[in-house]
1. Which one of D:14, D:46, D:94 has the biggest mean-square fluctuation once chain D is modelled by GNM with Cα springs under 10 Å?
2. Within a 10 angstrom radius of each residue's Cβ in B:151-158, how many Cβ atoms of other chains show up on average? Whole number is fine.
3. Compute the helix-to-body angle for D:211-220: its Cα long axis versus the longest principal axis of chain D, expressed 0 to 90° and rounded to tens.
4. So how do A:133, A:12 line up by other beta-carbon neighbours within 10 Å, fewest first?
5. Given a 10 angstrom Cα cut-off, can you work out which residue in A:124, A:52, A:192 is the most mobile in a GNM of chain A?
6. Any idea how far apart residue D:252 and residue D:189 come out in nm if each label point goes 7 Å out from Cα toward Cβ?
7. Quick one: check the C-alpha center-to-center distance for region C:1-56 versus region B:193-221, whole angstrom.
8. Can you give the extra length, in nm with one decimal, that the chain gains between residue C:93 and residue C:212 once fully stretched, where that is 0.36 nm per residue apart less the Cα-Cα distance?
Ligand SMILES: [Fe+2]
Ligand SMILES: [Fe+2]
Ligand SMILES: [Fe+2]
Ligand SMILES: [Fe+2]
Ligand SMILES: [Fe+2]
Ligand SMILES: [Fe+2]
Ligand SMILES: [Fe+2]
Ligand SMILES: [Fe+2]
């Protein structure tokens, strides 16, 4: 199975990258399925039904979220009803949405799990204990291909988590920092790993938002409203190929500028 | 000099406490001057010209701020022009407002300094180095009475700061946590100290905001809008008495419910 | 039932306060049971079997811990075997020790729960969800008197937690900040509450440790070894009185200097 | 000028990478000067005179540090006397060591600046204000080639800092996360930039330390001693080429395994 994973899509610029680049990438990379992180899809903060549908229409099969999952109360009903969008599984039980999705990919099934780190970020339960119970549950259902979007800040937590799930999931892909790392590889027991896949949006900003307000906060500590930037749009992601038993064969980085 | 210091005033409920209680307290406690923390005066976040004027009119002589000082861009001009309101002195040079004020109190002068801690909070410069230069500058001007509003989260930083300025300022009064502490005392070298003076607003909420949205965030991690509560309004503060040389004679806690 | 709760005991100075003051306080306050936080008992960091036994011998019936619970690997077996010492219940399942204890107090039983906050601190599960299941379990066992040591940093989390358990536990007592707060009261539904009971140790230091190394870190950021101070020893705690149904009748602060 | 910058050297494994790989890389890449981050050189925490000398002997011309700069009091005199090692310039004035070094590279001079971020990390002054005054000072001295090791956690702060110094320094190279990022490029105004150059040490661990204790802390929250790992050693760094005016011509990532 060939899986294209697209990193945090930021605002309208990021959505445009998806609309214009995903169909071509899907075909050029012979991807069987596309998973994308949409936690910043709606004006940089959270996702709405409209922006999610735009991403599905552009060819995304499953959407993941992160610490901004619940940023838009108007989306809670949508998170409850739409099975192809997942928010961190270790967020509180009883909160909107679900923590994993299982989709058919050809003859196979792919489970997409979303988990949030707890170093510098918040969750309701440790992602380490949570992933154990999710893996057990999905194995019971006979699902062999599992992809984890591990949405976390600290490299220590992400690298440790990769080792922890190595051999138990097909891919452990980090998101949240919005900067692609260069450490992609298949770990010894067969899990495709990268600390962060990077962001889809304007590279000319500060991790997706306009430079001026971002700098104003650092320089003056004044309250400048953050907005997604349109400058220098790129799609960042990875392509993971798995074998029939669910183990990863390869992982390669994707970094594609939007011709402008 | 008898100084009444009023802790973080939260929203309209907090401002009502000030309007209705400060005149009476001022007279009952024979306060010569009233200083109040206004960082939450405008709907719980920051201060505006209108809310500041309401507090001046109610008898506050000087207002201090904190980490929410710059939450309202519409107030920046006011912070620049009004000399009786101060924001953390260790915020960036060139940002709106100023870090200390000197007011006449009878024949004497009182300097009010605002500084922000850096443990779990942000500032541009260490409050420890900053207070040294401010004290030197004010001593040069012959000011003998110095009051520091030390706006900080961690008790370790607040207690350490108290020891650091002991004997060099008249009072080092903690703000920010919105819960009054019971450790008020005059330190050995003559500085009146309390870790936190507490909040002025609805005790029936969660440090001044309505219980429901606060609990919703902890229980569900969903995005509930915080609003000041009106339930069970109290004014919290301290009364500090200084001697002619600027040293503190006494500090006592003030906790006054608003008769409702 | 009259419960004396003693706040974070810091090092040998704190243990001496317990040895010399608890017997007298127990009798003067007619306490039926003594619970104490021992997370800093062993040289300021964690607890050992020897220091715990010293505290039991001095009249403590149950000991609680906090974020420093696992600081001393040599104590893990002791935490497993000694039923009168509890560490945060929301620490990982399978880690040393247990999260609650039930002790006989006259004809009654008292459950002591330890929970750790997650704002600025770490735990494996949300204390809010965790306390629900613990309360249900203890109610099933017919235990009517429940005391929670809520070990947390942020006042927002502590106040919210108090409201959350109001009417469901006899007392919700905050620890960790080492500074006693002045907000003790019985909440409307019957839970005795205080944001922090304060520390038992040298008030002449910085929340229990010697001033010099603490200041050195703030002033120079150099690596100074923290040690408990012996200067100006005090015991801080609260006395909670409960009714037969487990509800609180009263809570009052205790602050006792060690005559030196 | 061709500058090889080597990322955080962790423990004896990292030092061995430097000893065995730097001479070869220096020659193969035709590097004129080698700068390396040594904040983890001594058993993973801080640096000592002995480990620093080992790195100088292996061909490093200048060493930088970071948040662990002051972890070893026995090194303070060495930091004061050795001009080729720098600690964050925005650490407190009067603390050991210095914040920048100027070395001769052929006919030219290269200034190496070390600055520490303040998001999730601590410093005494904002790196943004600090870098302005350092740049001004070095320009006054006629130094055209400036390299900043910006030791920071948050990608937002690092990317913003890069934009802030673009055109004013030759290179702004991120360190601290120990994972190399894939975003190296010359920014529009001529500054070579990368969010993080990555680590030099065992890739088989968790950002340089052994897997088992790292996982134990995440899984059980128990106190396991961290030690550098020897497993799968790699050197990570970047090669920056500058032009005569100090602007960057190119930046390329270096990732070299130690043949074992
Ligand atoms: Fe995120
Ligand atoms: Fe994101
Ligand atoms: Fe505040
Ligand atoms: Fe406040
Ligand atoms: Fe603690
Ligand atoms: Fe403690
Ligand atoms: Fe570091
Ligand atoms: Fe490092």
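Each value in this text was obtained by applying a stated rule to the coordinates, not by laboratory testing. A quick note: this is a predicted structure, and the numbers were derived from the prediction, not measured. Glycine gets a Cβ as well: all are built from the backbone with ideal geometry, and neighbour counts include every protein chain shown.
1. Its mean-square fluctuation being the largest, the pick is D:94.
2. Values: counts 0, 0, 5, 4, 10, 11, 4, 4.
Partner-chain Cβ atoms within 10 Å, mean over residues of B:151-158: 5.
3. With rounding to tens, the tilt is 70 degrees.
4. Least to most surrounded, the residues fall as A:133, A:12.
5. Maximum fluctuation in the GNM of chain A, among the listed residues, is at A:124.
6. 2.8 nm
7. Rounded to whole Å, the Cα centres lie 30 Å apart.
8. Working: separation 119, 0.36 × 119 = 42.84 nm, distance 3.89 nm.
Contour length minus Cα-Cα distance gives 39.0 nm.
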